[in-house]
Amino acid sequence: MANRSVEPIHIVGGGLAGSEAAWQLAERGHDVVIHEMRGVRGTEAHKTDRLAELVCSNTFKSTETTNAHGLLKAEMRLLGSVILAAADEARVPGGSALTVDRDVFSSGVHERVTSHPRITVVREEVTALPNPGIIATGPLTSDALATAIRERLGIAGLAFYDAIAPIVSAESIDENVVFRASRYGKETMSDAGDDGAYLNCPFTREQYEAFIDALIAADQFHGHEFDEVPYFEGCMPAEEMAKRGRETLRFGPMKPVGLRDPRTGREAHAIVQLRMEDRAGQMWNIVGFQTRLRIPEQQRVFRMIPGLENAEFLRFGSIHRNSYINSPATLSPHLSLRDGPTTLFAGQLTGVEGYTESTATGLLAGINLSRMLHGASPELPPPTTMLGALYRYMREADPAHFQPMNANFGLVDELPLRVKDKRVKREKIAERALSEMAQWRDAHGLALAER
Ligand SMILES: Cc1cc2nc3c(=O)[nH]c(=O)nc-3n(C[C@H](O)[C@H](O)[C@H](O)COP(=O)(O)OP(=O)(O)OC[C@H]3O[C@@H](n4cnc5c(N)ncnc54)[C@H](O)[C@@H]3O)c2cc1C
């Protein structure tokens, strides 16, 4: 295919997503300019001016395809990810995780990308949306560009703070303990059925007191310095509420009023509500439980919630500064402006969470922008794949509750036949995902030539 674009493509942000997107475009015959502000202007988290710097941990998580992150990586390898190739070369022992020497890794990406004959890197802060182009400026997007994005998408289009409650899998919730109901029987979701939209976890007084004790005593994550900002009421961590007074949660997210347990006909002492996170009902959000507890503490304390004793956490709670777009409310399915299909967004800014997820959206943005510049339509992998399922989430999630999402099996289409054994089930989902990703790639001629 000949490159129809004569002007170079502009990519804003030389992080994980921007570097991957640039590579995908350049390898498909396009001239690309990456605009990266580090070097002339820093962020609160980055320490170098190298492309694809890892801002915190040095792991891309599991490589096993029975793990959601492992499956996503295997899919990205089918599409020729440069970030994963550099990660492989920088690998250090980390068990089944793809753990890297961060300096070797970002130097490797930097070297590959900057020595590509079709890629130029310019050091500057961009303050307007490019076309054709990809905005991949991450959770620490500079203020001036964030303002430009908000002006274009509308005030509700860009969030600045990320207060995330944990999500648990449906199959790990004890149905004998929880009951379904909406407060005062009032329904707000059209397809919730007669019993109500929420699953309710009822507490006795003793259970509540023990839970509050555990919550107050649990070990918290102390964030980066720039994260030490005062909480605003809408995203107060559950443990902070508990510290304000033993009854605070019972008058807040744990209030039992209007929720009668149909088995007893009575209200419980306190309630934790679970809200459906996806249309298939595979993922349930613990309502109001945004938290800064460390991950092992989240597992320990939140498994004290009646009905969640064996909870499988698909996403853990967190609170940190993060700019992200309300993608289901404002972007097209391939994550572009709705009235500007060749101005795409990628990376953490789109509402995915994590190194691998951010890179994966950069990869697909590069592929789709290349397709459009060659006169073809953008394409998305099917929701039987982890990448396709993440894109479905960003397209179909409820805009009123949209929060960043990491790769997890709750997003992916169920198998047509029920498989009881969890490991076997995941093996089959992974097998189907990889086969369908390869088919999708070949059907659209997306394989990159071997280097
Ligand atoms: C403090 C912190 C810790 C994190 N820790 C982890 C972790 O341990 N594991 C994990 O999986 N995820 C983590 N994340 C989440 C996320 O995966 C990473 O932020 C990831 O780097 C996102 O990739 P990205 O390409 O979207 O953005 P980035 O890698 O941040 O890249 C964006 C780039 O855009 C540049 N930029 C911003 N504004 C402009 C502008 N106006 N003009 C030009 N350039 C601009 C920035 O300098 C940056 O280089 C963390 C996030 C933060 C903020």
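The values are calculated or read from the model by the stated rules, or taken from the named source; none is laboratory data. What you are looking at is a predicted structure, and each value in this text was computed from that prediction instead of being measured. Positions of Cβ are generated from backbone atoms using ideal geometry, with glycine treated the same way; all protein chains shown enter the neighbour counts.
Within segment 52-82, can you find the residues that are touching a residue at least 60 places away in the same chain (Cβ under 8 Å), assigned to a loop (DSSP other than H, G, I, E, B) and among the charged types (D, E, K, R)?
none
In segment 128-168, which residues are part of a loop (DSSP other than H, G, I, E, B) and farther than 29 Å from ASP31 by Cβ?
GLY154, ALA165, PRO166
Checking GLY29 against (1) closer than 30 Å to GLY375 by Cβ; (2) not in a loop (DSSP other than H, G, I, E, B): exactly one of these is not met. Which one?
Failed condition: (2).
Just checking, how many residues over segment 326-348 are touching a Phe, Trp or Tyr at 6+ places or on another chain (Cβ under 6 Å) and hydrophobic (A, V, I, L, M, F, W, C)?
Residues that pass the stated criteria total 1.
Would segment 141-152 turn up any residue that is more than 12 Å from the ligand (Cβ to nearest atom) and touching a residue at least 12 places away in the same chain (Cβ under 8 Å)?
Taking every residue of segment 141-152 in turn, at least one turns out to be more than 12 Å from the ligand (Cβ to nearest atom) and touching a residue at least 12 places away in the same chain (Cβ under 8 Å).
Which of the residues that make up segment 166-189 are over 13 Å from MET276 (Cα atoms), modelled with pLDDT under 95 and among the small types (Gly, Ala, Ser)?
Correct list: GLY185 only.
Quickly run through segment 317-369 and pick out the residues that are aromatic (Phe, Trp, Tyr) and more than 8 Å from the ligand (Cβ to nearest atom).
TYR324, PHE345 - these are the residues of segment 317-369 that are aromatic (Phe, Trp, Tyr) and more than 8 Å from the ligand (Cβ to nearest atom).
Starting from segment 329-358, take each residue that is aliphatic (A, V, I, L, M) and surrounded by fewer than 24 Cβ atoms within 10 Å (Cβ to Cβ) and list its partners that are at pLDDT below 95 and part of a loop (DSSP other than H, G, I, E, B), counting only C-beta distances under 6 angstrom and pairs at least six apart or across chains.
From segment 329-358, no pairs qualify.
What tally of residues in segment 52-81 results from selecting those that are within 13 Å of the ligand (Cβ to nearest atom) and of a type in the set (Val, Ile, Thr)?
The total comes to 2.
Among the numbered criteria (1) farther than 19 Å from ARG77 by Cβ; (2) touching a helix residue (DSSP H, G or I) at 6+ places or on another chain (Cβ under 8 Å), which one does THR385 miss?
(1)
Right, SER182: within 21 Å of MET405 (Cβ to Cβ), of a type outside the set (A, V, I, L, M, F, W, C) and surrounded by fewer than 21 Cβ atoms within 10 Å (Cβ to Cβ) or not?
So SER182 does not fit the description; no.
In segment 397-429, what residues are hydrophobic (A, V, I, L, M, F, W, C) and within 29 Å of LEU25 (Cβ to Cβ)?
ALA397, PHE402, MET405, ALA407, LEU411, VAL412
Residues checked against (1) touching a residue at least 12 places away in the same chain (Cβ under 8 Å); (2) of a type in the set (D, E, K, R); (3) away from the ligand (no atom under 13 Å from the Cβ):
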| site | (1), (2), (3) |
| --- | --- |
| PHE160 | yes, no, no |
| ALA165 | yes, no, yes |
| GLU171 | yes, yes, yes |
| ARG183 | yes, yes, yes |
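Within segment 307-316, does at least one residue satisfy the condition of being among the charged types (D, E, K, R), surrounded by 17 or more Cβ atoms within 10 Å (Cβ to Cβ), within 24 Å of the chain's Cα centre (by Cα) and within 16 Å of the ligand (Cβ to nearest atom)?
Checked against the condition, which is being among the charged types (D, E, K, R), surrounded by 17 or more Cβ atoms within 10 Å (Cβ to Cβ), within 24 Å of the chain's Cα centre (by Cα) and within 16 Å of the ligand (Cβ to nearest atom), segment 307-316 yields at least one hit.
Would you pick out the residues in segment 32-51 that are under 23 Å from LEU335 (Cβ atoms) and either outside any loop (DSSP other than H, G, I, E, B) or more than 6 Å from the ligand (Cβ to nearest atom) (or both)?
Correct list: VAL32, VAL33, ILE34, HIS35, GLU36, LEU51.
Could you count how many residues in segment 88-138 are within 12 Å of the ligand (Cβ to nearest atom), modelled with pLDDT of 95 or more and of a type in the set (Gly, Ala, Ser)?
Count: 5.
So, ARG28, is that one away from the ligand (no atom under 11 Å from the Cβ), in contact (Cβ under 8 Å) with a residue 40 or more places away in the chain and over 18 Å from TYR355 (Cβ atoms) or not?
It is true that ARG28 is away from the ligand (no atom under 11 Å from the Cβ), in contact (Cβ under 8 Å) with a residue 40 or more places away in the chain and over 18 Å from TYR355 (Cβ atoms).
Every residue, every condition in (1) in contact with a Lys or Arg (Cβ under 9 Å, 6 or more places away or on another chain); (2) free of Cβ contacts under 8 Å to residues at least 24 places away in the same chain; (3) closer than 27 Å to ASP413 by Cβ; (4) within 16 Å of the ligand (Cβ to nearest atom), yes or no:
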{"residue": "ALA270", "(1), (2), (3), (4)": "yes, no, no, no"}
{"residue": "ARG275", "(1), (2), (3), (4)": "no, no, yes, no"}
{"residue": "GLN282", "(1), (2), (3), (4)": "no, no, yes, no"}
{"residue": "ASN285", "(1), (2), (3), (4)": "yes, no, yes, no"}
{"residue": "THR291", "(1), (2), (3), (4)": "no, no, no, no"}
{"residue": "ILE295", "(1), (2), (3), (4)": "no, yes, no, yes"}
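Residues that are outside any loop (DSSP other than H, G, I, E, B) and closer than 25 Å to ALA433 by Cα: does segment 112-127 have at least one?
Checking segment 112-127: not a single residue is outside any loop (DSSP other than H, G, I, E, B) and closer than 25 Å to ALA433 by Cα.
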